[in-house]
Structure formats: C-alpha cells, structure tokens
1. Under 26 Å from the Cα of residue B:111, which lysines turn up, not counting those fewer than eight places away in the same chain?
2. To the nearest hundred square angstrom, how large is the accessible surface buried between B and A, total for both chains, probe 1.4 angstrom?
3. Label points 7 Å out from Cα along the Cβ direction at residue A:44 and residue A:344: separation in nm?
4. Explain nothing, just the number: relative contact order of region A:43-337, from Cα pairs under 8 Å at least 6 residues apart, as a whole percent.
5. Quick one: pull the percentage of alpha-carbon pairs in the protein assembly as shown with a separation above 54 Å.
6. Any lysines with Cα under 29 Å of the residue A:415 Cα? List them, leaving off those in the same chain fewer than 8 positions away.
7. Roll a 1.4 Å probe over the protein chains and send me the accessible area per residue for the protein assembly as shown in Å².
8. Can you give me the solvent accessible area of residue A:186 with a 1.4 Å probe, rounded to the nearest 10 Å²?
Amino acid sequence: MLKTTRILGLKQIKMVWYGLIILFFIIFVCVPVLYSFVYVGTNWDAMQTHVLSDERLMSVFWRSAGISIFVALIVVVVDILAGFPLAWLLARKKFRGKEFLDTLVDLPLVIPTAALGFSITLFWAHDLTAEIARPSSLSIVSTPLLIVILLHIAFTYPYMVRSIKAGIEEVDITYEFAGACFGAQRFTVVRTITLPIMKAALLTGIVLCIARSLSETGATFLALSMVTDVSYASISSSPDATLTAPALINSLKNSGYAYINEALGFMSMLLILISIVLLVVIKQFGERVRFPFRKTYRIETVLSRVSFASVRDVSGILFFALIVFLPGMFIISFVISDWGNRVNIDYWLLFKSLGISLLVAFLTTLICVCTAIPLAIYIGRGKHRKIADLLDVTANIPMIVPTVALGISLGLFWKNFVNTENAFTAILVVVLAHVAFTFPFLVRTFASALRQIPSDYEDAARTLGAKPLTVFRKIIYPIFKPSIIAGIIMTFTRSLDETGATIAVLPANSTITTIPVYIVQLVKAKDYYSAALASLILIVIAVIILLLVRMSTRSEEKCTSK
Amino acid sequence: MYIEVKGIQKKFGKKVALDNVSFGVDKGEYVVLLGPTGAGKTTLLRIIAGLENPTQGRVYVDGCDVTALEPEERNITYLSQTYALFPHMSILENVMFARIVKGFDKADARKVAEEFLMLTHLIERKNAYPAEMSGGMMQRVALARALASNSQLMLFDEPLRALDAKLRIMLRSELRKIAKDFKITVIHVTHDEDEAMEMGDRIIVLRRGKIIQDAKPSEIYLNPKTPFVANFVGGGNFFVFYVEKNTGNELILKDAHGRMLTLKKNTGMAEGTKVLVCVRAEHVALSREEVPNAFYGEIRHIHITDRFYEIDFRTEREYLHVKIPLVEKLDFEEGMQCWAHIRNAICFDATDLNIVDELEVE
C-alpha cells in the first residue's frame, strides 16, 4: 500500500515542478526587468562617452523625471481628497443606483489609457486645430502640464476610490459607535478611529496611483502630442517643454538619435531606480506616520454637521462626473457628431491592429495563467516560507516599475536572442514583455486570496487522498474561482491596454502594432477621426470586460452569503 | 506498535514547537493528546498527517517510514476543528470525495457514503450543502467523510471544540463508540481534561512541546508526574510544606506558619525537604468538630454543579476549593465557621521546582 521505495516520490516531483515555475519567473520576469542594469554596467564606457556627456539629453531627462514625480504627487493628493467622499458614499451609504455608480467608477480602470487620454484631451484642450474642436467640449485648458495632470487624475482616481472603499469596508463599524458613545463628533471619529485603522488600504491606494502615474506612457505622449510638439528635436531645444519621463523615452525612441540603445538603456535604468526608491520611501514613511489625536479642532464640529454630509456626497459625485467620467466618454459624442468624416479610415490596419492586440492579450493571459497560478499557490501555501516571502516581494517589482522602462529593458535583453524584425518573433517578444508586467497582478490577486482563507479545505482533501492536480481541480479552483477569473480578466485588460511597453520593446520601424499603439500613431499623423473610432472600439471591448468582471464578483458574493 | 513517532523536533524559525517527542500507538487504540493552547498538539498531529515537515525525527505507520511521504500517500485522515467540509459540494459529494479521488468505482463510493450517512443519521440531508447545517450535523458529516475514506488511522484535532457545551458532552461517547465499532486507531487532540478522561484509552500530556506524562487516565489522575499535570488534570489546592519527619509510612509536614499535615505516604523525602502538596477538592471534607489534618475557616460560598456541592472555604491564609458529593447530606451554610479536613494529598518534591511556572495553565 505504501510505496516508499520509488526513485522519484510525489514530493520530489512537486519540488521539480515548483523549481521549474520559479525558474520561469526568474528568467522571463526578473532577469529581463533587471537587464537594463546589466546592460548599463557592461557598456559603461559607451554610457560615459555617448550618454552622460550629452548634457542636453541628460538635462531633458532630469527635467522630465522631475515633472513625472511632480505630476504623480499632485495627482495622488487630489485623488485622496476627491476619492474619500465617493469611497465613503459607496462603502457606507445605501441608495438606488449604487451598484451602477460603482461600475461606472471602475470604468476608467479597464478603458485603455490611450483611448482615455485621447478623449480627455479632446475634451479639455484649448488650442487644438479648429477642425476638430467641438462645440460640446470645454476647450479651456491650454497648459500642457495641466492636461497631463487632469489625464492622470482620470485614470488613477478609480484605483484610489477602490482602495479607500475596501479600507472603509474593512473597518468594523462598532469602533465608530464606541467612539461616538464617548462623545466624539462624527468627523473626529473618522479622523481618530476610521482613518488610522484603514491606513494600510490608503497606503496601497497611494502606491498604486503613484506607480500608475509614473508608468503611464501612451496616453500622456498622445495628449502632449496633440497640444505641443513632442519630437525630440523640439523638446531638447526648448528648455521649458513639458514631458514626463516615460513620454520622453517614447519620443526619443522615434527620434533617430545616434546612440539610441545606450540612451534608452541608461534612462530605463534610472527610471526603474527612481520609481523603486520613491515607492519604497513612501511606503516606509507611510508606515511610520501616525494620525494625531491630541485635541479636537473647531472646524470638525462644522464638518460633522448633517448638512456637510450632503455637500460631501454631491461634491464627490460631481468631481467624478466632471473630471473623470464626462471627459473620458467625450469621445463617443465626437465619433457620433463627426460621423460624416469617416471617409479615409484604413479598416485593414485598424482590424489588423485589433487582431494583434487580442492575440497578444490572449497569449499573455494563457502564459500567465499556466505559470502565475502555480507560483501564487507556492507563495500562498508553500512550506518554505522564506523562499515564498522572497518571491512575494520580488513579484511586486514589475508592478511598480514603469512599463516603458520595463519594455526597453526587455527589448535590449531579447535582442540578444531573437530578431524582432520578423513578425512572428516580434509578437512573441511583445507577449513576453506583457507577461513580465501582468504576471505580478495575477500572482498578487490570487496569492492574497489564498492567504485570506486557511488551508483547511486543501489539507482535508489531501489527507482524504487527493493528489495535487485533483486538489486544484476539485477544491482550490471552485473555492477561489471568482478571484482567479477576476485576475485573468485583469491580466487580459492590462495587456490590451498597454502602450508604453509595446512601443518600447519593438524596433522603431516595426510593422507590428497593437491597437493602442495604432491610436498613438494615428494621433501623431493627425488622423483624429480614425483614432477616435479605434478608441471607441477599445472602450466597447472594455465595457464588455467590465461587465464580465461584475458578473464574476457577483457570483462570489452569492457564494459567501450562502 | 501501529504508529510510531520517534524523536520529533519542530522549529518555526528559532522557536521550538516540539522537542524530542516520541510515542507509539497500538492498532485500535484511542489516544488523547492533552495540553494547554500552544503546547504543540496540533503541530504534532499535522506532522503525523504529513501536512507539516518535522525538523528532525521520523514517523512510522505499520512499520514503514512515512516521513518523506505527502499527506495523500499516507492514508491517514485528519479531521480539523473547523471540519473543512467543502462548501461547494453537497453532503453526499463530501462523503464520496475520498473514495472517488482514490479511484474507487463511483457506484461503490456512493454506496459506502450512503451507508455512513445512514449510520450518522444524516441520510435525509444528503443533498444539502454544509452552509445549511448546524454545527453538530457538520461534525457528523466530517466524521462520516473520514470514516468513508477507508483509512485505518484518524487524527482528530479538537473535533468537538466548535460545538455547544451540551452537545459537546453528548458527542464524546458517541465518537468513541464509533471509533471502537470500526476498530479505528485514533489520535485525538484536546485541551479539555474532562474530554480526555472520558474518551482516551491513554492520555499523553504535552506541555511546551514536550511530553510530560504518557499513561492511562486513572494513572494520570492518581499519580500525576508533575504539579502541572496534577493542576491541569483534576486540579486542586496547592500548598508549600516542609518535611518535619519521615517515618517511612507516614510523612509529617509543617508549613511556614506552623500548620501541620500528616499524610500516609511512603516516600524517600528527607527532613527539611520543600514539598508542594496538591489536595484535590474532592479529598476535602467539612467537619464541625476539630479533627487532625484540618484547617479552621469560614464557608464563603456554596454552589451546586452536576455531581458536587462546590464550596469556597476561606482559611486564615488562603481560599480552599472543596467538593462534597451531592449524594451526601450537607448540613453547612454560607457564613458558618468549621474545619476543612484534608483526607488525602499528592506530594511533589519542590526542591528544584519553579512553582509559579509549574502551576501556570497556559
């Protein structure tokens, strides 16, 4: 009955299997991410002679990095202030249409930023050429920096609302009752009790928003190219040009700059370093900071009044509607009102790009599912806690690194092995780049879901004789189905959405374009109507995906309530 | 020996959870692992099941070394305190699970599962889901599922913990009876001394990762190896005395306040030895007249439990816990002054004993 004399026991087979998964993670996710460091290190002489000595390039880079950080910080502050009212409303109030509002808030999460950026710029930008300025748009903003900030608020805002909402929902409301019983005003209760308890969630929101803002390439580049001249020649000659660091990398890529690989490699490395350092500092600082509760302030009495609550609710909804939703959806009115202009659309290229996008997203998701799920199980359930914790931390890195830097790093890495001029290998390399930054999302979602539920069910199944695959098929998958599906859909959307990494990983003249890249190209060529139509197609796909997510989370609620 | 555990050590980081634990279990035996929370009982059980790897030591089942085997290869069923009934499967599917994954024919799995559901009086609820069942029912489903798995060894981790007090006591005898009827070997973990005394053929007392005593329930009660065991199983009143005189069959003790106690004990304790005396509450009697071996004091409170009058007796120096069987006539009242007569006691040599530490229950 007991087979103790086999050469390769079940335990050994499992070790080999997990070893392979970890190897995959290291080779396809970690190494390419860190390759820019190796690249800079091994080509240090070239760096010194061609990159560091080019003062103009370096000054543009530092300037753009400064703007990136500035935008990220402004955006996160606005997100917190404007996100709180809406998050509170969604977490604590019951009203008709709440679920609908909840879905709308998530919408910018799944809409590709290229489409969002295009729509928002159309809505706000002032000095667009007369032929595309629409009467229904506001057209009041002429500062490129302000456009960038408005754009970044729109796509980071849902992350903040989601995080804060999750935080508020986790706070046991009886703590607030207890505080109120001791005589604290409503606002004081929130400041001294709710806020400190949900600090971790707030911090998650801050890190997510900053990471997203630092990382965004396609939409920012696209928005800026609509209002200013973003060619490298123009930027490097005007000392006060507005450009974020990822947008600079994008612009440099197509500039025909002499030492392009060296410059891009060096900048990617710096950008990766900057984001890691910035986020680590914020995390460390955030964990230490405490909310003071030495005294109460007079203003809290005012803020605690019932009338303030409705001001708060209304302003929360208004902010969302005016800053996020309407500008984001403006493109629909643009497409409809300009329907007559649709003459010179290149449908072949449009659908080819769409096809490539869907293929890439599909392959990326497939590879991620096959590798991220076992890795998440190892992280969540593995017996070697130290290795698991190390993997858990490592898996976070690609999440906070700007995808464009990741793309450059990956491009440099894979160039050593494959020829990206070939269409087949080009798609393959794009897929690998997408795997590198979507992989952590799936690992994180699933690993944290696993950690929330003790391993009792799996333990029971195993002692009843179920083999690992059976345990997954019959126990883990049915129980964790909602979070697995949500993770899969998230991976798919992120891949469909990605602009920066795709552009970065391919050669400048590549014929392989995904649909967000195609939108950027169309905007550069001033073919706004085609860009709008392509964006609308992406938005429709995004809405369908969002509805799928909703359905999967709804079945989760049903499961837990039973 | 059917199960043999040899020299098990388990470290979590630097913390030693189990330290050189060895014991054996015979086929068909019902062994209880008893100890306070954090003693390492669950860890030990999980190591036997294969859910946890020991840092050192080996586990043998039926003479085979199974230490390197995965849980699914061991044919040992582990019943956790949460029962872990699969929430997405019906009761019948839960009970069929083990047979199906072990490759039995589906019809056979169904037949066996239905038999065990019949036995546990759950057959009418076979299509219900775990979330629809009460705690007691879930416990029975978990038991049926374990029985249907065809394994000869079962590990119960606090199987009655999540149940209401009354049900918990009722199910003790039922659980033991089923295990005995099916000739199953059981290792049962609990921190409840009454449960251990009632259910175990043998009790292994575990404290801070070490086995303190491994004996029959009666032996554990009558001859506890350390004050900890005496306090944890049965409990009682503890006093520090010094040997005044040892006549060979009588031990005369005296405490720091000059109180004397004479016990009929044959120990080798020399004069002057520090002794920790454990007096079981049920070994104290009340008396209106002065008798030898008695402390004078006042009855503070009397209350009735299932078999005893429980009395809080206040002497000059301490509270004494006294139990008088309900069958006896109690002609004492609260507030009365009388004598507490110590009829029997257990003595521990306290020379090298950290008494406070020994009497800690956690």
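The values are calculated or read from the model by the stated rules, or taken from the named source; none is laboratory data. Here the structure is a predicted model, which is why all the values come from computation and not from measurement. With ideal geometry, Cβ positions are generated from the backbone for all residues, glycine too; neighbour counts draw on all protein chains shown. Keep in mind that these areas ignore ligands, DNA and RNA; they rest on the heavy atoms of the full protein, side chains included. Shrake-Rupley method; radii C 1.70, N 1.55, O 1.52, S 1.80 Å.
1. List returned: A:467, A:474, B:102, B:126, B:177, B:180, B:183.
2. 2800
3. Between residue A:44 and residue A:344, the label points sit 5.3 nm apart.
4. Values: 323 pairs, mean separation 93.4, N = 295.
Relative contact order of region A:43-337: 32 percent.
5. Working: 148383 of 426426 pairs.
It works out to 35 percent of all Cα pairs.
6. Qualifying lysines at Cα under 29 Å: A:253, A:352, A:524.
7. Numbers: 41350 Å² over 924 residues.
Accessible surface, normalised per residue, equals 45 Å².
8. About 150 Å², ignoring ligands and nucleic acids.
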